[in-house]
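**Q** Dropping the structure in here first, questions after.
The values are calculated or read from the model by the stated rules, or taken from the named source; none is laboratory data. These figures come from a predicted structure and were not determined experimentally. Here Cβ is always computed from backbone atoms with ideal geometry, including for glycine, and neighbour counts include all displayed protein chains. Remember, those area values only see protein heavy atoms, side chains included, never the ligands or the DNA or RNA. Shrake-Rupley method; radii C 1.70, N 1.55, O 1.52, S 1.80 Å.
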Protein chains: 2
Amino acid sequence: MALPIEKQVPGWLTGEGEHPDVVLSSRVRLARNIKGFRYGSRSVRDEELQVRDEVLGALEHEKLLDTMTRINIEGLLAYECNYMIEEHLISKDLLINKPAACVVVGSGSRVSMMINEEDHLRIQSIASGFDLRRCWSEAEKLESLIGGNLEYDFHPKFGFLSSCPTNTGTGLRASVLIHLPGLVLTKEIQKVLRGITKIGLTFRGLYGEGSEVLGNFFQISNQITIGKSEKELIDHLSRITSQIIQHEQNARSVLFKDAGHYIQDKVWRAYGILERARTISGDEVMNLLSAVRLGVSMKLIKGLSVSTINRILIYSQDAHLDVAAGKQLKPMERDINRATVIRSCFEDNNQLL
Amino acid sequence: MALPIEKQVPGWLTGEGEHPDVVLSSRVRLARNIKGFRYGSRSVRDEELQVRDEVLGALEHEKLLDTMTRINIEGLLAYECNYMIEEHLISKDLLINKPAACVVVGSGSRVSMMINEEDHLRIQSIASGFDLRRCWSEAEKLESLIGGNLEYDFHPKFGFLSSCPTNTGTGLRASVLIHLPGLVLTKEIQKVLRGITKIGLTFRGLYGEGSEVLGNFFQISNQITIGKSEKELIDHLSRITSQIIQHEQNARSVLFKDAGHYIQDKVWRAYGILERARTISGDEVMNLLSAVRLGVSMKLIKGLSVSTINRILIYSQDAHLDVAAGKQLKPMERDINRATVIRSCFEDNNQLL
């Protein structure tokens, strides 16, 4: 199997960067299409193969393929595809277009690109914590290197063209994956979410469009990609994210002041169950992990690192458990393995103390 | 305050004796009335005072008061009375008749007697684990010593007379406090309970008549006290208890075989919550403690002693928390203190490892 399975958590979950206890990760992706080839619903297989070869050729010319891993989607089993989705390396849309679809992943999964997804090229840079500017600079660097070898489809009035008009313009979507238990528990969250949708931003669950909000994790991103520069889009999301972090921290202070015992109990019970359970569902893990993350952030729980919480978050997911077992597990087996993996993450954490 | 508060758990919860993981404690009590004084609903205050003095005089004459503690109910606060009930030293009925009601407690609370409860005298012997014969021998010894100094109301045909006909005859009630999670989880319990009621036995919750069955703890005792000798009554309850222990152990084996993961998970989650909670109700403790006791008994949890579980059982009760705090706590305070006491019992246990 050609999956880039690493002993380390992916680079976007190391618990480094700014405010890693609130902002899990920051991400920037750029949508690009290559001039001379059809895309979206009009694309044809022959041209998809040519697009793939053009992009890979550009990467080779820039000597980038030496440090990056290329994975063809066609060669993957279903649970391996899901593993890549859980790692935030590919989207479900990449699975539709199989024969010429592939993903190229840089070391630590910090940068990656999907070839023949909805657009010819989706370049992604992802970082731990709150660091949109770094993501933008790394995505832009890769985009330029490739762009030196081929011509992106660019319209002087509309900007970069894309298969869906919502991506036309900069082709940029910036997002933060943010943990907002304080705003959820104080019931302020709806007000905040309504607020951001009025200023050109949008929110989703952990796994993007259509995914459920689990464990109080929200993905907040720009809705508009046209009519503003990349810098303006990044700056705007950064500014609003800073404000949301401040709201969240205020909410946590209020909670702790007004309902200290309730919060402490909620946090510690969640910790106790995660430490001890012998079988556990993915949804329950997300909810318990949310409470534990809050407890670590509020310094109620000491000696547990954000990176351990992030390890649990990623390794306890269905397809990660399947990949670790080397087969598609039955739901009951998976829940047992999930509990085992969580306990071993706690043990690893305690050995590092 | 004159409560016999001991650093140790009461003698009936040390976790010693036969099958302490299934049978928490064994108990024998004898009901006696003193000739020449009215009792039950016909009793009058003057005579109650005389009865008390007669019994205390007998204890003094036998030099028993040196090693026993006498506590007048009249001098106790409400929560102190409840503490005594939780220690199984007095019944609610003793609280009705206050002015001349008292209790005399031997060291370790192994033997005790209530004066001016429903009957003039209720002598009790209680032991950890399954040991009815020892209880009977100790209760009978105390009964004889007192009986050497005064005359019990005895009818040649009916035996010892009592205020309620159901206690007339031997005046003996033997009981075991038994933990039956296996029979409850396999849904065999109703059959067992129906069975015992057909053979002259009865069952109750942890705190006797009318109390709810919590945490899968049952008190099983003889219903009939007349027409059989004390030895026959004790032997019968002992024999049936041995059978119930066997049924319970079979049920546990079946459970472990058929639902090992479910049971392990239930046991360990209960342990995790008890270890970590910051506020917890008494009922929740009983239910979690039931699972943990099962886990220790089935050797799933190692390094946790039955005596620690018993300490938690007794010290986490409402009036024990009130007495420890020196005041009647508010429910919310009590739930917080309960969680703290439980954690300190676990810490004490771990320090002994």
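**Q** Only helices (runs of 4 or more DSSP H) wholly contained in the stretch A:256-353 count here; list those with 2 or more residues that are in contact with a Cys (Cβ under 8 Å, 6 or more places away or on another chain).
**A** In the stretch A:256-353, A:306-315 are the helices (runs of 4 or more DSSP H) which contain 2 or more residues that are in contact with a Cys (Cβ under 8 Å, 6 or more places away or on another chain).
**Q** Among the residues that make up the stretch A:328-342, is at least one of them of a type in the set (Gly, Ala, Ser) and open to solvent by 40 Å² or more (accessible area, probe 1.4 Å)?
**A** Looking for residues that are of a type in the set (Gly, Ala, Ser) and open to solvent by 40 Å² or more (accessible area, probe 1.4 Å), one finds none in the stretch A:328-342, hence no.
**Q** On the given criteria, is B:Ile146 of a type in the set (Val, Ile, Thr) and at pLDDT 95 or above?
**A** yes
**Q** Against the condition buried (at least 20 other Cβ atoms within 10 Å of the Cβ), more than 10 Å from chain B (Cβ to nearest Cβ) and either over 21 Å from the mean Cα position of the chain (by Cα) or of a type outside the set (D, E, K, R) (or both), how does A:Ser297 come out, does it pass?
**A** In short, yes.
**Q** Tell me the residue from B:Asp322, B:Asp318 that is within 26 Å of the chain's Cα centre (by Cα) and open to solvent by less than 50 Å² (accessible area, probe 1.4 Å), please.
**A** After applying the criteria, what remains is B:Asp322.
**Q** Suppose we filter A:Glu248, A:Glu275 for residues that are within 14 Å of another protein chain (Cβ to nearest Cβ) and open to solvent by less than 50 Å² (accessible area, probe 1.4 Å); which single one remains?
**A** One residue alone meets the criteria, A:Glu275.
**Q** Against the conditions (1) closer than 28 Å to B:Pro331 by Cα; (2) at pLDDT 90 or above, where does B:Leu56 fall short? Just the number, please.
**A** In the conditions (1) closer than 28 Å to B:Pro331 by Cα; (2) at pLDDT 90 or above, B:Leu56 misses (1) alone.
**Q** Further question on the same structure: Would you confirm whether any residue within the stretch A:280-293 is over 30 Å from A:Leu77 (Cα atoms) and away from chain B (no Cβ under 14 Å)?
**A** Yes: the stretch A:280-293 contains one or more residues that are over 30 Å from A:Leu77 (Cα atoms) and away from chain B (no Cβ under 14 Å).
**Q** Could you list, in sequence order, the residues of the stretch A:26-74 that are assigned to a helix (DSSP H, G or I), farther than 30 Å from A:Ile220 by Cβ and under 23 Å from the mean Cα position of the chain (by Cα)?
**A** Selection gives A:Glu74 alone.
**Q** A follow-up question, please. The conditions are (1) within 30 Å of A:Leu294 (Cα to Cα); (2) at pLDDT 95 or above; (3) under 15 Å from the mean Cα position of the chain (by Cα), and A:Ser128 fails exactly one of them. Which is it?
**A** (2)
**Q** Here is a list of conditions, (1) of a type outside the set (Lys, Arg); (2) assigned to a loop (DSSP other than H, G, I, E, B); (3) within 30 Å of A:Gly326 (Cβ to Cβ), and A:Tyr79 meets all of them except one; can you say which number that is?
**A** Result: A:Tyr79 fails condition (2) only.
**Q** Look at the stretch B:251-272 and say how many of its residues are within 11 Å of another protein chain (Cβ to nearest Cβ) and open to solvent by 40 Å² or more (accessible area, probe 1.4 Å).
**A** So the answer is 5.
**Q** Considering each of A:Leu77, A:Leu94, A:Leu49 in turn, give the residue that is of a type in the set (A, V, I, L, M) and in contact with a strand residue (DSSP E or B) (Cβ under 9 Å, 6 or more places away or on another chain).
**A** Result of the check over A:Leu77, A:Leu94, A:Leu49: A:Leu94.
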